[in-house]
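See below for the structure under consideration.
The values are calculated or read from the model by the stated rules, or taken from the named source; none is laboratory data. Everything numeric here is computed off the predicted structure, so don't read it as measured data. Every residue, glycine among them, receives a Cβ derived from its backbone with ideal geometry; neighbour counts consider all protein chains shown.
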Amino acid sequence: MKKMFVLTLVLVFALGSTAAAGIEWSGEFESELSVDTFDPDEVNWELKNTLTLEVSATGEGLGWEFEGELAAPTTDGDLDTGAFELGEYKLTLTDDYFTAWVWGNEAETETKASNLGFISADAAADAAVRAEVPLMDVTTLTVDYRQTNGAHEGVRAFADFMINDFELGLAGARYYGVPGDPANTVVASAGTTIDMFTIDGAVGATMGEELGYALGADLSADVTEEVEVGLTAWASSPDFVADVDSNTVDVEMFVDYTDPTDYFWAKATLGFDGTFDEFSLDNNSQMLEAAYRMDDTVDFGDVLDDYMDLTAPAASGWLEREDTGGDVVLSGEVGAASPLMADFLWGKLAAGFQLGEGMDYDFMDEEDATIDRELYFNADAYVAVSERLTVEPHLGFRNIANADSGSALLTSVDAGYFIAGNEDLELGMSVSNEAFFGDFVGDEMEMQQSASMSITVSF
């Protein structure tokens, strides 16, 4: 990690010295002061400062851009000092003959993958290097190396081709830290569109003492302008080493419907998965999603997340059943949101549940707690007081139960203020108080409280 960071800084300043005339700077500085209790005898202030920089330059035949985040040492009242910490960072190099990236700490580029994700290089990474090289007009070769980050450490390579109406792809990977280290895997992909059908397939193999293999297909069809159906099925043998699970059979199918008026949308999904060596499908899931909106200012899937952008009422909900080898969990949620006063006040209500046996749940930091039932209700508002000030109050209630039961009531308020009306200079404030009561916490009510104030300057 340190070597990658040093390399990044060296490249930035070396390239900057050759293209100083074209350097452009931008960034953001945020200072946040927070406290996790309102008890005057136990107040523990924490000050956190974060600097994000974006630097770019262009020169003859070469361009580069660096984005990085530095966090100053955190202080907690004793004014302890320490080293600056590197946050997300990404260096992009653009040449006439290649494009290259060095990035890490969960910074993102783009995901590169074969069909069905058999070999996949995620957009985010702890530490990664990638290069793309166009090979005449035939293909672009992508080579990616990364340390372990939710996937195997290794080198992955991709090449994509277009022949007539067929999209063809070859991918290869050399994985480390796996059984038979290193493991070498190759995947061939193909895809095309025929009338209303879109067909993508992949086959892969891992070369070793025992041959591992996988194959799968992804099919979809636009039956009408309103209805789309799809089926994805793949399987991998126990000795297949890749970016999907080995010894797995996975099948998923869906039906997607969008009303001709573009006001109503619904999707039904049915899934099965199990093991390959015994060819079992022990796990299954069913899910139904639906949303209604009276305009198209917000996507169907975002009507509750981005409700402050609505210009007319909207609602959404989902219901899911999961069976993992006999352990059944049923969960669902329904919610509605609407502008209440034009360009001033928006409101949102949501309620949901989860029913099952022995479900893991974190209640008052009891990570080992298990429950059989959860019920929750949330009410939110977004108030655009002025062009400078917005306020977001929240009220939430949840109840959990097994042999014992407990409840929690959360109240919070977040506010943002643009100083002098400048959107590049924001003052943020947040206050929350969560009260826990019931069998899980005993006879006395317990509180979790927090407050923070931040100043963000963009330049």
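Among the numbered criteria (1) touching a Gly at 6+ places or on another chain (Cβ under 9 Å); (2) in a strand (DSSP E or B); (3) modelled with pLDDT under 90, which one does MET429 miss?
(3)
Does SER407 satisfy being crowded, with 16+ Cβ neighbours inside 10 Å, without any contact (Cβ under 8 Å) to a residue 24 or more places away in the chain and farther than 30 Å from ALA268 by Cβ?
In short, no.
Just to check your reading of the model, which residue among ASP181, ASP160 is touching a strand residue (DSSP E or B) at 6+ places or on another chain (Cβ under 8 Å), among the charged types (D, E, K, R), free of Cβ contacts under 8 Å to residues at least 60 places away in the same chain and not in a strand (DSSP E or B)?
From the options ASP181, ASP160, the qualifying one is ASP181.
Within the stretch 215-269, track down each residue that is outside any strand (DSSP E or B), within 25 Å of the chain's Cα centre (by Cα) and of a type in the set (S, T, N, Q). Explain how you work it out, then say what you get.
Filtering the stretch 215-269 for residues outside any strand (DSSP E or B) gives 223-226, 237-247, 259-263.
With within 25 Å of the chain's Cα centre (by Cα) added as a condition, the list becomes 241-246.
The answer is SER246, and nothing else.
Condition first: closer than 25 Å to ALA266 by Cβ and part of a loop (DSSP other than H, G, I, E, B). Now tell me which residues in the stretch 189-214 satisfy that.
ASP195, MET196
How many residues are over 22 Å from the mean Cα position of the chain (by Cα), in a loop (DSSP other than H, G, I, E, B) and over 18 Å from ASP262 (Cα atoms) when one looks only at the stretch 304-332?
Matching residues across the stretch 304-332 total 2.
Suppose the filter is modelled with pLDDT of 95 or more and under 24 Å from PHE276 (Cα atoms); does ALA221 pass it? First the steps, then the outcome.
On the way: modelled with pLDDT of 95 or more: yes; under 24 Å from PHE276 (Cα atoms): no.
Spelling it out, it is not the case that ALA221 is modelled with pLDDT of 95 or more and under 24 Å from PHE276 (Cα atoms).
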